[in-house]
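Structure, as structure tokens:
What follows draws every value from the coordinates through simple rules; no lab data is involved. Note that this is a predicted model, so its numbers are computed, not measured. For neighbour counting, all protein chains shown are included, and Cβ atoms are generated from backbone atoms with ideal geometry for every residue, glycine included.
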């Protein structure tokens, strides 16, 4: 007669095939809630990072997929809310809106380019 624990340990256990499905070394899935400012907190190493998703998603539950520095934020329905690469040097990971608003010190009026404020910041001589 074999004790149950020894019989259990002798059986072959089911596990995923690591050759067919390789996993990144630091992979995790988090279920989080986006706070009232549109941000959730994520720990990387020993530091806390605040990742901005947008105030439009405040109070919404999110699934966060983390693979090293690659982060995907999904809604519970599976909609991609944000995809980013974490910058470990920055505490706050803002939403990037490149090209949405022109910066004020480089704005050129299309009707009067000669008198507009299109000068470099360090140029102290006004044109």
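Below, the figures for the structure above:
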quantity	calculated
Convex hull volume per residue in cubic angstrom - Cα atoms of segment 1-45	164 Å³
Zone residues, segment 25-49, relative to residue 58, backbone N less than 14 Å from point 7 Å out along Cα-to-Cβ	34-40
Over segment 9-78, relative contact order from alpha-carbon pairs under 8 Å, at least 6 apart, %	30 percent
